[in-house]
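To start, the structure itself, in structure tokens.
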Amino acid sequence: MPTFRVNTDLIPCTEAMASHTARRPLLVVNPTTAQRFTAFSPYHAGGMAEEVTLAHPDTEGDGEPSIKVGDLTIHATPALHTEETGRTRSAIGLAYQTLASGIWYTSDTNLAAGLLDRVAEILPEITLVIAHANASNIDRPPGRAQACHLETRDIPTIAAALKPAHVLIQHYDAAYATPEYRIAQAVWLQRLLGA
């Protein structure tokens, strides 16, 4: 039997959601998470929560391209992330389409060819991009682009292509820099984007 690693935070989150509502909680996951979570705890994955697996046609794995929850539609967007050795194509980002506008959460990905075009096809109008980007703008180790994360240098490209009103950099790792370096990165972005 294969060994599956799963973010066990899903279990307390599922338990907490289930204990505070009369309805079963809805888990929206990618194919890898669905596979791992179901193998790790069938009770939580199937018995305690309704699980919907999302997958974009450009990614590997079975799943729906989107799900509608009330006035909100959640779309899978492609992502390129090394989830485990040899498995890089089942990761997804999430595009939230509301009545007012759209929000794109990049998730772990790099700026793969065609990514921004796919996102623009799904969400023609984007108010907010939540970019999972590291503060790693100065040196680029070999193979860095294949790793998994956007970099600070990718933010202007995203802003120019999608023209969101706001960009939130959410994965600004302390592991990559001192506080002074992260501040310098923020100043660099502000100047470049005219903020």
Against the conditions (1) over 18 Å from the mean Cα position of the chain (by Cα); (2) at pLDDT below 80, where does N134 fall short? Just the number, please.
(1)
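Going by the conditions given, is Y176 under 30 Å from T98 (Cα atoms) and at pLDDT below 60?
No; evaluated as a whole, the condition is false for this residue.
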Are any residues in segment 141-165 modelled with pLDDT of 90 or more and not in a helix (DSSP H, G or I), and if so, which ones?
K163, P164, A165
Quickly run through segment 106-138 and pick out the residues that are buried (at least 19 other Cβ atoms within 10 Å of the Cβ) and closer than 15 Å to T73 by Cα.
V119, I122, L123, I126
When you check L99 against the structure, is it at pLDDT 85 or above, of a type in the set (A, V, I, L, M), out of contact with any Gly (no Cβ under 6 Å at 6 or more places or on another chain) and assigned to a helix (DSSP H, G or I), yes or no?
no
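The values are calculated or read from the model by the stated rules, or taken from the named source; none is laboratory data. In this text the structure is predicted, and so the values were computed from the model without any measurement. When we count neighbours, we look across all protein chains shown, and the Cβ atoms used for this are built from the backbone with ideal geometry, even at glycine.
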